[in-house]
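*Asks:* Before we start, here is the structure in question, set down as C-alpha cells.
The values are calculated or read from the model by the stated rules, or taken from the named source; none is laboratory data. This is a predicted model, so every value here is computed, not measured. Ideal geometry is used to build each Cβ from the backbone, glycine not excepted, and the neighbour counts take in all protein chains shown.
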C-alpha cells in the first residue's frame with residue numbers, strides 16, 4: 001500500500017463517519033439549468049427595496065491615490081469633515097484640534113463636490129512611494145453657486161511591509177495645490193503632475 005492509501009485507511013478507522021455515503025430521503029432542490037447571460041443577479045440591496053439608496057453613499061478607500069482623493073471628496077460632500085481631514089498626513093507636534101477646526105471651517109458652506117482625476121504618477125524613494133495625481137473639482141455651495149478648482153495632489157505611502165511599529169500609516173495626502181479655474185472639469189483637469 002502506498003502512503004496515501006495507508007493514511008486514508010487510518011482516517012476511516014479513526015472516524016468511520018467519514019467513510020459513509022449519505023443519501024437524502026428527498027431531493028434537496030429541483031434541477032436548475034443556468035444559461036449564461038440569462039441569469040441576472042439581484043440588484044444591490046434587493047432584500048431592502050423599500051429603503052432608498054442614498055444619492056451619495058459612503059465611500060472610503062485608501063488603496064490607490066485616486067481612491068483616496070475620491071474618498072476625500074465623498075466625505076466633504078457628506079459633511080463628514082473629520083473623515084475628510086483624516087485622509088491628510090499631519091505633522092507631529094501641531095495642534096490637531098485647531099488644524100481640524102480650520103479645515104472644517106473651510107468647507108462649512110460646501111453642499112457637494114463633483115470630482116474628476118487624471119492618471120497618477122508614482123515614484124519610490126527609501127521605502128516610501130510618492131504619488132502625484134491631477135484633480136479638477138466643481139464645488140456647489142449652500143447658496144447654489146458653484147466654484148471650480150484644478151491642480152495636483154501629492155500622496156505618500158510608507159511601504160506596508162516595512163511598517164513594524166503601530167499605528168499603521170495608510171496612504172495619505174501630503175499636499176494639495178488647487179487653484180480657481182474656469183470651464184468644464186474635463187477642460188481644466190491638468191494633463192499630469194510631478195511626483196516628489
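*Asks:* Based on this model, can you work out whether residue 183 counts as part of a loop (DSSP other than H, G, I, E, B) and touching a residue at least 60 places away in the same chain (Cβ under 8 Å)?
*Replies:* Spelling it out, it is not the case that residue 183 is part of a loop (DSSP other than H, G, I, E, B) and touching a residue at least 60 places away in the same chain (Cβ under 8 Å).
*Asks:* Exactly one condition in (1) surrounded by fewer than 14 Cβ atoms within 10 Å (Cβ to Cβ); (2) farther than 23 Å from residue 61 by Cα; (3) at pLDDT 95 or above is not met by residue 92; state its number.
*Replies:* Residue 92 satisfies every listed condition except (3).
*Asks:* Of everything in the range 123-178, what is in contact with a helix residue (DSSP H, G or I) (Cβ under 8 Å, 6 or more places away or on another chain) and farther than 23 Å from residue 194 by Cβ? Give them in sequence order.
*Replies:* Listed by number, the residues that qualify are 138, 168.
*Asks:* Filter the range 176-191 down to the residues that are exposed (fewer than 14 other Cβ atoms within 10 Å of the Cβ) and under 23 Å from the mean Cα position of the chain (by Cα) and list them by number. I'd like the intermediate steps shown before the answer.
*Replies:* First, pick out the residues of the range 176-191 that are exposed (fewer than 14 other Cβ atoms within 10 Å of the Cβ): 177, 179-180, 182-184, 186-187, 191.
Of everything in the range 176-191, those that are exposed (fewer than 14 other Cβ atoms within 10 Å of the Cβ) and under 23 Å from the mean Cα position of the chain (by Cα) turn out to be 177, 186.
*Asks:* Further, regarding this structure: Could you pull out every one of the helices (runs of 4 or more DSSP H) wholly within the range 60-143 that has 2 or more residues that are closer than 15 Å to residue 170 by Cα? First the steps, then the outcome.
*Replies:* Values: elements: 65-77, 81-86, 96-106.
Hits in the range 60-143: 65-77, 81-86.
*Asks:* Kindly indicate which of 140, 128 is surrounded by fewer than 14 Cβ atoms within 10 Å (Cβ to Cβ) and more than 18 Å from residue 176 (Cα to Cα). Explain how you work it out, then say what you get.
*Replies:* Details: 140 fails: surrounded by fewer than 14 Cβ atoms within 10 Å (Cβ to Cβ).
Within the list 140, 128, the selection yields 128.
*Asks:* Identify, by number, the condition in (1) within 14 Å of residue 172 (Cα to Cα); (2) surrounded by fewer than 16 Cβ atoms within 10 Å (Cβ to Cβ); (3) modelled with pLDDT of 95 or more that residue 155 doesn't meet.
*Replies:* Only one criterion is unmet by residue 155, namely (2).
*Asks:* Please give the number of the condition residue 114 fails out of (1) within 16 Å of residue 62 (Cα to Cα); (2) touching a helix residue (DSSP H, G or I) at 6+ places or on another chain (Cβ under 8 Å); (3) touching a residue at least 60 places away in the same chain (Cβ under 8 Å).
*Replies:* Going through the list (1) within 16 Å of residue 62 (Cα to Cα); (2) touching a helix residue (DSSP H, G or I) at 6+ places or on another chain (Cβ under 8 Å); (3) touching a residue at least 60 places away in the same chain (Cβ under 8 Å), residue 114 breaks only (1).
*Asks:* A follow-up question, please. Going by the structure shown, is residue 141 closer than 15 Å to residue 72 by Cα and at pLDDT 95 or above?
*Replies:* Numbers: closer than 15 Å to residue 72 by Cα: no; at pLDDT 95 or above: yes.
Taking the combined requirement at face value, the residue does not satisfy it.
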